[in-house]
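Chemist: I'd like to ask some things about the structure below.
Every read-out reported here was derived from the displayed coordinates using simple, explicitly stated rules and does not represent laboratory data. Computed from a prediction, not measured in an experiment: that's the story for all the values here. Here Cβ is always computed from backbone atoms with ideal geometry, including for glycine, and neighbour counts include all displayed protein chains.
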Amino acid sequence: MANAGDVLALPQLGCRVHLLRTDSEVLEFDVIGRPLGLLAAAHVHVKQMERYEVVAGSFRLVERGRERLLGPGDTAEVRAGVPHRQLPAGDSEGHVRVQVCPAGRTLAFLERLAELCATAQLDRRGFPRPVAAARLVTDFGDEGHAARPPLAVQRALAKAILAVAGLSRPYVFVDEWDVAAPAPSVFAAISDARTYPDWWRPVYLDVDAEGPAELGKASRQHFKGRLPYHLHTRSKVVALDPPRSVTAEVDGDLRGRGTWTLTPIPTGTRVRFDWQVHADRRLLRVLTPLLRPLFRWNHDWAIARAMDGLEPYVRQSASAGRAPSPLGAV
């Protein structure tokens with residue numbers, strides 16, 4: 001999770017968010033730019049009050065059909081349950097300080113928007129594509145939602161979209177195999193995704209990681225299976241217990257959660273990979289209802305490549321004295 005001092009880039013939404021305070025009582029952040037699309041649409045905060053202070057530039061606050069122009073030094077508050085929208089004014093970039101009280105899940109919502117921007121799930125106008133929009137409603141509708149139509153209608157539409165897209169039923173995979181090497185060495189390779197192109201071949205083509213694995217650290221992956229398509233994903237570490245387990249949440253062409261669990265055995269280490277995933281890429285969504293068995297076959301082929309490559313890589317790294325740190329990035 002992002003912290004005070006972090007910046008969330010929202011280029012398709014016309015701005016960037018600088019986090020100032022991220023406790024449970026108050027979320028405070030600066031919005032710099034000219035918000036558009038989803039950020040400029042009419043919406044409602046069910047349980048939260050929002051306070052604005054214009055630092056530079058100007059913006060228009062529309063509340064219950066009444067519009068106010070706010071300039072540097074001006075402040076305004078919007079109570080919970082009141083439909084409103086914030087629109088840029090003038091030609092220059094705006095700078096508005098926002099406080100949300102209580103914080104609720106607003107930070108998680110902003111992080112989701114950053115992920116949607118990073119994974120091209122917004123259209124050219126700055127609005128989420130149907131599946132992404134449906135997930136926003138199901139995940140955050142209790143705290144905030146579009147002013148129209150009524151939330152009950154939005155939920156019904158979201159449920160229908162997810163059902164049609166085949167996303168209500170994820171793929172669930174569980175794979176286990178034994179590796180003749182100690183758990184710390186095996187964990188070192190598994191937890192450092194930068195090594196995947198070295199041993200999980202030819203599945204992983206490229207990995208861009210931020211560095212050693214820590215909670216919240218992210219990496220990006222480019223990979224393919226036997227089927228003729230390439231996939232791009234972004235992973236974030238959400239649980240880390242070296243050398244026993246590591247869990248990452250994944251978004252992009254695939255969306256889900258993967259957990260590696262290592263158990264020492266007399267002959268080395270038992271590796272278990274639990275993988276629950278939705279196929280978000282348009283072609284995969286369309287084909288999922290018809291080709292689910294083929295996708296499972298594709299997964300089995302990819303895991304077989306991991307089984308083939310992991311043990312030789314770990315043993316070679318140990319013999320060369322260059323085993324990666326067990327706190328590598330996932």
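Chemist: Along the Cα-to-C-beta direction of residue 56, a point sits 7 Å from the Cα; which residues of the stretch 21-47 have their amide N less than 13 Å from that point?
Modeler: 31-34
Chemist: Give me the Kirkwood hydrodynamic radius of the stretch 171-320, using the inverse of the mean 1/r over all pairs of distinct Cα atoms, in Å to one decimal.
Modeler: Roughly 15.7 Å, rounded to one decimal.
Chemist: Moving to a separate point now. Test of understanding: what is the full-extension gain from residue 3 to residue 82, defined as 0.36 nm times their sequence separation minus their Cα-Cα distance?
Modeler: 25.6 nm
Chemist: Roughly how tilted is helix 282-320, in degrees to the nearest 10 and between 0 and 90, from the longest Cα axis of the chain?
Modeler: 50
Chemist: What relative contact order, as a whole-number percentage, does the stretch 171-320 give when Cα pairs under 8 Å and 6 or more residues apart are counted?
Modeler: 28
Chemist: Stretched out fully, how many nm does the piece from residue 294 to residue 208 gain, at 0.36 nm a residue minus the Cα gap?
Modeler: Using 0.36 nm per residue and subtracting the Cα-Cα distance, I get 28.1 nm.
Chemist: Which ordering of 64, 34, 105 is given by a fewest-first count of other beta-carbon atoms within 10 Å? Before the final figure, lay out the partial values.
Modeler: On the way: 64 8, 34 20, 105 17.
The most exposed by this proxy come first: 64, 105, 34.
Chemist: Give the residue from 76, 102, 121 lying farthest towards the positive end of the charge dipole for the stretch 7-164; charges sit on Cβ (+1 for Lys and Arg, -1 for Asp and Glu) and the dipole is referred to the Cα centre.
Modeler: Positive-most Cα among the choices belongs to 121.
Chemist: Students often get this wrong: which residues of the stretch 87-101 have the backbone nitrogen under 15 Å from the point 7 angstrom along Cα-to-C-beta of residue 68?
Modeler: From the stretch 87-101, the list is 87, 97-99.
Chemist: Pairs of Cα atoms under 8 Å, at least six residues apart: use those to get the relative contact order of the stretch 7-164, whole percent.
Modeler: 27
Chemist: I would also like to ask the following. Relative contact order of the chain, please, whole-number percent, based on alpha carbon pairs below 8 angstrom and at least 6 residues apart. Walk me through the numbers before you get to the answer.
Modeler: On the way: 731 pairs, mean separation 51.2, N = 330.
Taking the mean separation of contacting Cα pairs over the length of the chain, I get 16 percent.
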